[in-house]
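Undergrad: Quick one: the structure is below, questions incoming.
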Amino acid sequence: MKKLPYDESNPLSIENYSKKLIGKSFSDVLEDEIVNQEELLELKKYYNNPRSKGGLGNLIEKYFFYYEPNSNPEPDFPKAGVELKVTPYEALKNNKFKAGERLVIGMIPNNEPVEADFNNSHVLDKLKLVLLVLYLREKGIERLNFKINYSKLFSILGEECKNDLEIIKSDYKIITDKIMEGKAHELSESDTMYLGACTKGATASSSLKPQYYNAEIPAKRRAFSLKQGYMTYILNKYIFEDVDTYEPLTNHDLDKESFEKMVIGKFSKYQGWGESQLRSEFQLESSNSLNLFSRLSFSILGVKSNNVEEFIKSDTIVKTIRVEANGKIRESMSFPAIKFKEFAKEEWEESEIYQYFSEKRFLFVVYRHDGTEYKLDKAMFWNMPMTDLEDIGKEEWLANQKVVKEGVELIPKGNRVLNNLPKAKDTKIFHLRPHASKSVYEINGQVFGNGTLHRDSDELPNGDRMVKQCFWLNNKYLERIINS
């Protein structure tokens, strides 16, 4: 047996040894270890495949730390109590960084009882001490050529993370309570703030397995994971030392329920206040701009934007809703624009819209018009129920994708261009609608509309161009949410 070049019982020895990875690519790690060129080529071919079992993490385990990859619930270095996680990060345009994905901790059992006490859970065992090995994932570069740039120990039990730990404990209870109630099929990552229950493995109906607590309704296999937003926070604050990115709302130890009560309490203080009174209170000038009510909402929270530490970490988005005097919401709610060609090729559970609504939480701030002006009515946290997303949501998404795949019919009529995408009146949850401020189309080489072609439109699979579209939550669906 090969003598290990580190002390497997000493976390600092493991971390110090891991620093040798910094500046290397995964290809370098293999080349340092494998002499036989034929074997090296085979291994490179295997690990360059995104579907290789365990992927790049297994490569580091086997060819750098010299232990066989396994699915043992114990930490990877049991004598030191250290869990190894090899995970990507990505560079953003503003010289900031984000986590490349959520951090999977371990599978949630479906054939045996789940541990109800977080303090006795394998989740805590895995998070007590984690060695994060971080590589920069770049488009257009083969996987094995990704560079490893950081390696650092991280502990959720650290003094700096004590507030986060309380929320993670609360998240764990939300997940396990739902499982023990026989509702594992209703789990959604958006149920919780930092700790999620992500789907794992195959996503087709074949991945459905009987529940231990409810044998009648199968549920998808899931794993405990730290959400991507929370991982982005960890990387920026603890790994890259970029501590000024976020504005904390509180310095107190709060679990999820207490945090939400604290946020709602901030709005309750101003419930019934009119737009003019709120503007005066927060010294905001009179404005007809669309973002006035967003600015009022952030002022009530005591921050300047959605860049709130707890919101970033929990993938929570603040959205303002204006309700007219007749009780109707005039506008549907828009979300990021789609790319038609990518949309046509997506699988439902890998699609942007599925990932968005299964992971994001929302803070809705509602203003109602009383006939004279809008007044603050209430604030509420919301996430889309999985029953809505998996049933009607999936059906409506597929209906839109079918039209895009088969070819959107674009029919010029006067100064408008009609199309055959499903309309809001034909849907219950969401529909596709223009996202650009100006409309422009290119049909068989002829341009229609007053927008800028390449700024305001996107190419369809057949080569025509259509004004950019995004999914909108139907206003009637929103009305049911805020009135429930």
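The values are calculated or read from the model by the stated rules, or taken from the named source; none is laboratory data. Keep in mind that what you see is a predicted model, and the values were worked out from it rather than measured. So basically every Cβ, Gly included, is an ideal-geometry build from the backbone, and we count neighbours across all protein chains shown.
Undergrad: Might you check whether a residue that is free of Cβ contacts under 8 Å to residues at least 24 places away in the same chain and crowded, with 17+ Cβ neighbours inside 10 Å occurs anywhere in segment 152-162?
TA: There is at least one residue in segment 152-162 that is free of Cβ contacts under 8 Å to residues at least 24 places away in the same chain and crowded, with 17+ Cβ neighbours inside 10 Å.
Undergrad: Just checking, which of LYS169, LYS126 is touching a residue at least 60 places away in the same chain (Cβ under 8 Å) and in a helix (DSSP H, G or I)?
TA: Of LYS169, LYS126, the one residue that is touching a residue at least 60 places away in the same chain (Cβ under 8 Å) and in a helix (DSSP H, G or I) is LYS169.
Undergrad: Is it true that some residue in segment 339-350 is assigned to a loop (DSSP other than H, G, I, E, B), over 28 Å from ALA219 (Cα atoms), touching a residue at least 12 places away in the same chain (Cβ under 8 Å) and touching a strand residue (DSSP E or B) at 6+ places or on another chain (Cβ under 7 Å)?
TA: Within segment 339-350 (the criterion being assigned to a loop (DSSP other than H, G, I, E, B), over 28 Å from ALA219 (Cα atoms), touching a residue at least 12 places away in the same chain (Cβ under 8 Å) and touching a strand residue (DSSP E or B) at 6+ places or on another chain (Cβ under 7 Å)), the answer is yes, since at least one residue qualifies.
Undergrad: Can you confirm whether ARG361 is over 19 Å from ALA424 (Cα atoms), assigned by TED's automatic domain parsing to the domain that holds SER305 and modelled with pLDDT under 95?
TA: Spelling it out, ARG361 is indeed over 19 Å from ALA424 (Cα atoms), assigned by TED's automatic domain parsing to the domain that holds SER305 and modelled with pLDDT under 95.
Undergrad: When the residues of segment 74-94 are narrowed to those that are in a loop (DSSP other than H, G, I, E, B) and farther than 25 Å from GLU359 by Cα, which ends up farthest from the chain's Cα centre (by Cα)?
TA: In this case the residue turns out to be LYS79.
Undergrad: May I ask you to say which residue of ASN307, ASN383 is in contact with a Ser or Thr (Cβ under 6 Å, 6 or more places away or on another chain) and either closer than 27 Å to PHE97 by Cβ or surrounded by fewer than 21 Cβ atoms within 10 Å (Cβ to Cβ) (or both)?
TA: Just a single option satisfies the conditions, and that option is ASN383.
Undergrad: Report, ordered by the first and then the second residue, all pairs with beta carbons closer than 7 Å, sequence separation of six or more or different chains, a first member in segment 302-318 that is farther than 11 Å from TYR233 by Cβ and modelled with pLDDT under 80, and a second member that is of a type in the set (D, E, K, R) and surrounded by 23 or more Cβ atoms within 10 Å (Cβ to Cβ).
TA: Note: no pairs meet the criteria.
Undergrad: Test ASN70 against the stated conditions and say whether it is without any contact (Cβ under 8 Å) to a residue 40 or more places away in the chain, under 30 Å from TYR356 (Cα atoms) and either assigned by TED's automatic domain parsing to the domain that holds HIS122 or not in a loop (DSSP other than H, G, I, E, B) (or both).
TA: It is false that ASN70 is without any contact (Cβ under 8 Å) to a residue 40 or more places away in the chain, under 30 Å from TYR356 (Cα atoms) and either assigned by TED's automatic domain parsing to the domain that holds HIS122 or not in a loop (DSSP other than H, G, I, E, B) (or both).
Undergrad: Further question: Can you pull out the residues in segment 313-332 that are of a type in the set (A, V, I, L, M) and surrounded by 19 or more Cβ atoms within 10 Å (Cβ to Cβ)?
TA: Of everything in segment 313-332, those that are of a type in the set (A, V, I, L, M) and surrounded by 19 or more Cβ atoms within 10 Å (Cβ to Cβ) turn out to be VAL318, ILE321, VAL323, ILE329.
Undergrad: Could you give every pair whose Cβ atoms fall below 7 Å, whose first residue belongs to segment 269-284 and is at positive phi and in a loop (DSSP other than H, G, I, E, B), and whose second residue is at pLDDT 95 or above and not aromatic (Phe, Trp, Tyr), counting only separations of at least 6 or pairs across chains?
TA: GLY272/LYS375; GLY272/LEU376
Undergrad: Another one. For segment 314-326, how many residues are touching a strand residue (DSSP E or B) at 6+ places or on another chain (Cβ under 8 Å) and part of a loop (DSSP other than H, G, I, E, B)?
TA: Within segment 314-326, residues that are touching a strand residue (DSSP E or B) at 6+ places or on another chain (Cβ under 8 Å) and part of a loop (DSSP other than H, G, I, E, B) number 4.
Undergrad: Something else now. Under 30 Å from PRO210 (Cβ atoms) and surrounded by fewer than 19 Cβ atoms within 10 Å (Cβ to Cβ), is that true of PRO78?
TA: no
Undergrad: Another question, if that's okay. Of all residues in segment 86-102, which are basic (Lys, Arg), surrounded by fewer than 19 Cβ atoms within 10 Å (Cβ to Cβ) and within 16 Å of LEU134 (Cα to Cα)?
TA: Of everything in segment 86-102, those that are basic (Lys, Arg), surrounded by fewer than 19 Cβ atoms within 10 Å (Cβ to Cβ) and within 16 Å of LEU134 (Cα to Cα) turn out to be LYS96, LYS98.
Undergrad: Turning to a different aspect of this structure: When you go through (1) closer than 22 Å to ASN383 by Cβ; (2) surrounded by fewer than 23 Cβ atoms within 10 Å (Cβ to Cβ) one by one for GLY196, which number turns out not to apply?
TA: (2)
Undergrad: Here's a check for you: in segment 391-416, which residue that is in a loop (DSSP other than H, G, I, E, B) and of a type in the set (Gly, Ala, Ser) is surrounded by the most Cβ atoms within 10 Å (Cβ to Cβ)?
TA: My answer is GLY407.
For every residue, the table says whether it meets (1) basic (Lys, Arg); (2) modelled with pLDDT of 90 or more; (3) closer than 30 Å to LYS173 by Cβ.
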| site | (1), (2), (3) |
| --- | --- |
| LEU56 | no, yes, no |
| LEU59 | no, yes, no |
| PHE65 | no, yes, no |
| ASN70 | no, no, yes |
| VAL82 | no, yes, yes |
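Undergrad: Of the residues in segment 103-122, how many are in a helix (DSSP H, G or I) and either surrounded by fewer than 17 Cβ atoms within 10 Å (Cβ to Cβ) or free of Cβ contacts under 8 Å to residues at least 24 places away in the same chain (or both)?
TA: The qualifying residues number 2.
Undergrad: Follow-up question, since we're still on this one. Based on what the data block shows, is VAL323 more than 26 Å from LEU187 (Cα to Cα) and touching a helix residue (DSSP H, G or I) at 6+ places or on another chain (Cβ under 9 Å)?
TA: Against the criterion (more than 26 Å from LEU187 (Cα to Cα) and touching a helix residue (DSSP H, G or I) at 6+ places or on another chain (Cβ under 9 Å)), VAL323 qualifies.
Undergrad: Could you say whether any residue in segment 219-228 is more than 30 Å from SER155 (Cβ to Cβ) and modelled with pLDDT of 90 or more?
TA: There is at least one residue in segment 219-228 that is more than 30 Å from SER155 (Cβ to Cβ) and modelled with pLDDT of 90 or more.
Undergrad: Additional query: Tally up the residues in segment 1-43 that are in a loop (DSSP other than H, G, I, E, B), more than 36 Å from the chain's Cα centre (by Cα) and under 18 Å from ASN58 (Cβ atoms), please.
TA: Residues that pass the stated criteria total 3.
Undergrad: Moving to a separate point now. Mind checking which residues of segment 454-484 are of a type in the set (A, V, I, L, M, F, W, C) and either within 22 Å of VAL403 (Cβ to Cβ) or not in a helix (DSSP H, G or I) (or both)?
TA: LEU460, MET466, VAL467, CYS470, PHE471, TRP472, LEU473 - these are the residues of segment 454-484 that are of a type in the set (A, V, I, L, M, F, W, C) and either within 22 Å of VAL403 (Cβ to Cβ) or not in a helix (DSSP H, G or I) (or both).
Undergrad: Determine whether ASP377 is in a strand (DSSP E or B), closer than 22 Å to ARG480 by Cα and not assigned by TED's automatic domain parsing to the domain that holds ASP191.
TA: Against the criterion (in a strand (DSSP E or B), closer than 22 Å to ARG480 by Cα and not assigned by TED's automatic domain parsing to the domain that holds ASP191), ASP377 qualifies.
Undergrad: Residues in segment 144-166: is at least one in a loop (DSSP other than H, G, I, E, B) and aromatic (Phe, Trp, Tyr)?
TA: yes
Undergrad: Given the conditions (1) under 14 Å from ILE338 (Cα atoms); (2) out of contact with any Leu (no Cβ under 7 Å at 6 or more places or on another chain); (3) buried (at least 19 other Cβ atoms within 10 Å of the Cβ), report the number of the one that GLU459 does not fulfil.
TA: Every listed condition holds for GLU459 apart from (3).
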